[in-house]
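I have placed the structure first, in the form of structure tokens, so that the comments after it can refer back to it.
The values are calculated or read from the model by the stated rules, or taken from the named source; none is laboratory data. Quantities reported herein were computed from a predicted structural model and do not represent experimental measurements. A quick note on method: Cβ atoms are made from the backbone with ideal geometry, for glycine too, and the neighbour counts reach across all protein chains shown.
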Amino acid sequence: MKKGIHPQYYPQATVICTCGNTWTTGSTKPVLRIELCPKCHPFFTGEQRIVDTAGQVERFMRRLEKAQVQPRKKKEERRRKRLERRALLVEEEAAETASEESASEA
């Protein structure tokens, strides 16, 4: 290795998690501070925990509740139009079958 171009290596670097868990490892920094570790990460613990970043979760939950209370108008309009078209088709088919039956009787 060339001298003077590599960072100093600390074989006993301390890793500190926000949950309080600490351990030692090798690193180029003497102390590492992390937010999630294997003892508190939801993947390893099995619990559902939401890490909120600047209120994103609350904003999403508010939008989700609002969407469930008030369905989208466009979707309702499309559904209503589709049902109206189906009703017209059923009426036309009924009229055609009635006219065919009356034509076959005469």
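Tabulated results
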item: Selection from segment 1-21 of residues that are exposed (fewer than 12 other Cβ atoms within 10 Å of the Cβ) and among the polar types (S, T, N, Q); result: Q8, Q12, T18
item: Members of segment 1-24 that are among the small types (G, A, S) and more than 25 Å from C40 (Cα to Cα); result: G4
item: Qualifying residue in segment 49-62 (condition: modelled with pLDDT of 75 or more, on the phi > 0 side of the Ramachandran plot and assigned to a loop (DSSP other than H, G, I, E, B)); result: yes
item: Residue match in segment 19-36 (condition: in contact with a Lys or Arg (Cβ under 8 Å, 6 or more places away or on another chain) and without any contact (Cβ under 8 Å) to a residue 40 or more places away in the chain); result: yes
